[in-house]
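Colleague: Could you have a look at this structure, given as structure tokens, before my questions?
Read-outs throughout are calculated quantities, based only on the coordinates presented, and are distinct from any laboratory measurement. This one's a predicted model, so the numbers in the text were calculated from it and none came from an experiment. Cβ sites come from the backbone with ideal geometry, for glycine too, and all protein chains shown count toward neighbours.
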Amino acid sequence: MRGILRSRMLRCGKKSCRCHTDPAFRHGPYWYLYWRQGDRMHCRYIPPDKVEVFQQAIAARQALNAGIRKAHQDMKNMRWQLKGVQMQMAGVMLEGRAVV
């Protein structure tokens, strides 16, 4: 799953509540999923009983992305190595020597 989870402590709608004057009395934590879609940032409330499921899904996607990045880098390195071998072979062929 794409995005990050963040907890927030919020003020309620009652003007007489202490949460309006003292940040230590804010309500929560309330969990929200944040993700970017195009140029816009979106967020959605996550119920407390679903937070662990979302954390696991986000961790799984991060692990998958890390594997994809590593595979991409490995392929890049192999292409450079292949290009070097091809250049060596081309040099050998130009000199008229047999390729071993």
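Colleague: Of the residues ARG69, ARG44, ARG18, which exhibits the maximal mean-square fluctuation in a Gaussian network model of the chain defined by a 10 Å Cα contact cut-off?
Modeller: Checking each option, the largest mean-square fluctuation is seen for ARG18.
Colleague: If you don't mind, there's one more thing I want to ask. Sort TYR34, TYR45 by Cβ crowding within 10 Å, fewest neighbours at the top.
Modeller: By the 10 Å Cβ count, ascending: TYR45, TYR34.
Colleague: Along the positive direction of the dipole of segment 4-91 (beta-carbon charges: Lys, Arg +1; Asp, Glu -1; about the Cα centre), which of LEU64, ILE46, GLY28 reaches farthest?
Modeller: GLY28
Colleague: Let me ask something else. If you take every residue apart from PHE25 with its C-beta less than 10 Å away from the C-beta of PHE25, what net charge results, scoring Lys and Arg +1 and Asp and Glu -1?
Modeller: +2
Colleague: Could you work out the per residue convex hull volume over the alpha carbons of segment 4-91, in cubic angstrom?
Modeller: 150 Å³
Colleague: Continuing with the same structure: If the only charges are +1 at each Lys and Arg Cβ and -1 at each Asp and Glu Cβ, what is the size of the charge dipole of segment 4-91 around the Cα centre, to the nearest 20 debye?
Modeller: For segment 4-91, the charge dipole is close to 340 debye.
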